[in-house]
Structure formats: C-alpha cells, structure tokens
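Reviewing the structure listed below.
The values are calculated or read from the model by the stated rules, or taken from the named source; none is laboratory data. Remember, it's a predicted structure, so these values are computed and weren't measured experimentally. Cβ coordinates were reconstructed from backbone atoms using ideal geometry, including for glycine residues, and neighbour counts include every protein chain displayed. Keep in mind that these areas ignore ligands, DNA and RNA; they rest on the heavy atoms of the full protein, side chains included. Shrake-Rupley method; radii C 1.70, N 1.55, O 1.52, S 1.80 Å.
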Amino acid sequence: MLTSFPSSGRLGVLISGRGSNLQAIIDAITEGRLDATIAVVVSNRADAGGLERARRAGIDTVVLDQRGFGSRDAYDRTLVTELRRREVGLICLAGFMRLLSSTFLEAFPDRILNIHPSLLPSFPGLDGQEQAWRHGVKIAGATVHIVTPELDAGPIVLQAVVPVLEGDTSETLGDRILEVEHRIYPEAIGIMLSGGWRLDGRRFLRS
Ligand code: GRF
C-alpha cells in the first residue's frame, strides 16, 4: 500500500524537556540541509528548555499543560486543533513524555515520527540507552520510527549504530547516541517529506 503523502513541509515538534533534537532540526533547516518549516513547537511543560530554543529561533510556541484537561482525549483533541490550525503536515516527537491516544494517532495517520535512543525493537520505553548499557550489548544506537498505537513499535524509517566501548558509562554511551540522534532525525524528516516511500507491512521502503 502506498502511504507516502504530499506534505506541506510544515512541522509540528512536540517536546517536554531540553530540546536538543529540536535544536538539531532547527539547525538543519537553518543550514539548508532540511527543506522544512517548523510551524509550531508544543510543550506539555512550561519549564521545558526547548521552548527557549524555539523562541530564540523565532518559532511559534504553545504550552499545553495536561493539568488543565479532564482526560487524555480532551488534551489530545486540543493538541490536534493547535496543529491543524497551523497546517502542520508532519509531527515530530522530540522527547515528548506523553502517550498519545487513538484520537491523536487517527488524526495524523503515518504522519507522526519519534526518535528513540536504542536500536528498536530492543529496549523500548524509558531510558533506552541505559537499558542497553545495563544489558551489556556491544552495539547500541538510535531509531527514528513512525508512531503507531504500540509504544516504540512502529515502522522504522532510519537507524544508526553506536559501538559500546569497554570504558563507557550509561552517560558516555548516551552522549554518543544523542550525537547520532541529532544526525538521523533531520535526515529521517527529509525522507518523510520527500515522499516516494511506502509501507510494506511494517517495512518502510523508499523504492
Ligand atoms: C532523546 O534521547 C530522545 O531519543 C528521547 O528523548 C530524548 C530527548 O532529548 N525520545 P532532547 O529533549 O531532544 O534533548
């Protein structure tokens, strides 16, 4: 089934924290490596460091604190409204620490990306880099995938490997994984926006 979509190149980036992946996307656009526009950055936390990065870059920001909403569904409906209002064509989760309801997923089918700090399907969930280090794997890495209802389990767009060194702590390994995240997330967004891809089962194919 062909599932690629003509996209406006308008991104909505969802964050909860420091926003280093958001910064990588901003930098890729500024340096001409990614042909896209960040239409809005949404955070569920008013104190997210990434909000300042967005403001510095002159990007529209919205804070949606879940405490103001009666249910996950009500929150997600507002999120959809904010994104649609700005004609967002692709949503990029960048450290957004909330599970998304079917209301949200169905509003943007195959149009939501996430970055995860492990080679999925290994080590889904929180602290993937720490899980990999504790497990003692020799090869770690990062994954950009399409978001589906099951956590960290959607079709894989891009992955990159990071060798684990004998002297690594989970922090040093996590730092090297983060560098790779910053490289592959803008690249994956570019692939999604360029179209011409399709899903064969859960395999993401570019031909
Ligand atoms: C990254 O490690 C990403 O893989 C994970 O959350 C972290 C976000 O970091 N999903 P940052 O806010 O982009 O710096």
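Checking the stated criteria, Leu51 turns out to be under 18 Å from the mean Cα position of the chain (by Cα), within 16 Å of the ligand (Cβ to nearest atom) and either surrounded by 14 or more Cβ atoms within 10 Å (Cβ to Cβ) or of a type outside the set (S, T, N, Q) (or both). The single condition among (1) surrounded by fewer than 15 Cβ atoms within 10 Å (Cβ to Cβ); (2) within 16 Å of the ligand (Cβ to nearest atom); (3) within 25 Å of Asp152 (Cβ to Cβ); (4) not polar (S, T, N, Q) that Val13 does not meet is (1). The number of residues in region 169-191 being touching a Lys or Arg at 6+ places or on another chain (Cβ under 8 Å) and farther than 17 Å from Cys92 by Cβ comes to 1.
Considering each residue of region 80-90 in turn, none proves to be within 17 Å of the chain's Cα centre (by Cα) and hydroxyl-bearing (Ser, Thr, Tyr). If you check Leu93, Leu79, Leu100, which single one turns out to be within 11 Å of the ligand (Cβ to nearest atom), at pLDDT 95 or above and of a type in the set (A, V, I, L, M, F, W, C)? The conditions single out Leu93. Take region 5-21 and flag every residue that is outside any strand (DSSP E or B) and in contact with a Leu (Cβ under 9 Å, 6 or more places away or on another chain). Once the filter is applied, which keeps residues that are outside any strand (DSSP E or B) and in contact with a Leu (Cβ under 9 Å, 6 or more places away or on another chain), region 5-21 yields Phe5, Ser7, Ser8, Gly9, Gly19, Ser20, Asn21.
Scanning region 74-84 for residues that are β-branched (Val, Ile, Thr), open to solvent by 20 Å² or more (accessible area, probe 1.4 Å) and under 14 Å from Ala39 (Cα atoms) yields one hit, Thr81.
Each row is one residue, and each column tells you yes or no for (1) free of Cβ contacts under 8 Å to residues at least 60 places away in the same chain; (2) open to solvent by less than 20 Å² (accessible area, probe 1.4 Å); (3) part of a loop (DSSP other than H, G, I, E, B).
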site: Met97; (1), (2), (3): no, no, yes
site: Glu106; (1), (2), (3): yes, no, no
site: Leu120; (1), (2), (3): yes, yes, yes
site: Phe123; (1), (2), (3): yes, no, yes
site: Ala132; (1), (2), (3): yes, yes, no
site: Ala142; (1), (2), (3): yes, yes, no
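Among the residues making up region 54-68, those that are part of a loop (DSSP other than H, G, I, E, B) and open to solvent by 60 Å² or more (accessible area, probe 1.4 Å) are Gly58, Asp60. Of the residues examined, Glu87 is one that is surrounded by fewer than 15 Cβ atoms within 10 Å (Cβ to Cβ) and touching a residue at least 40 places away in the same chain (Cβ under 8 Å).
Against the conditions (1) farther than 30 Å from Pro163 by Cβ; (2) over 17 Å from the mean Cα position of the chain (by Cα), Ser122 satisfies every one except (1). Taken together, Asp168, Asp110 contain a single residue that is of a type outside the set (A, V, I, L, M, F, W, C), open to solvent by less than 20 Å² (accessible area, probe 1.4 Å) and in a loop (DSSP other than H, G, I, E, B), which is Asp168.
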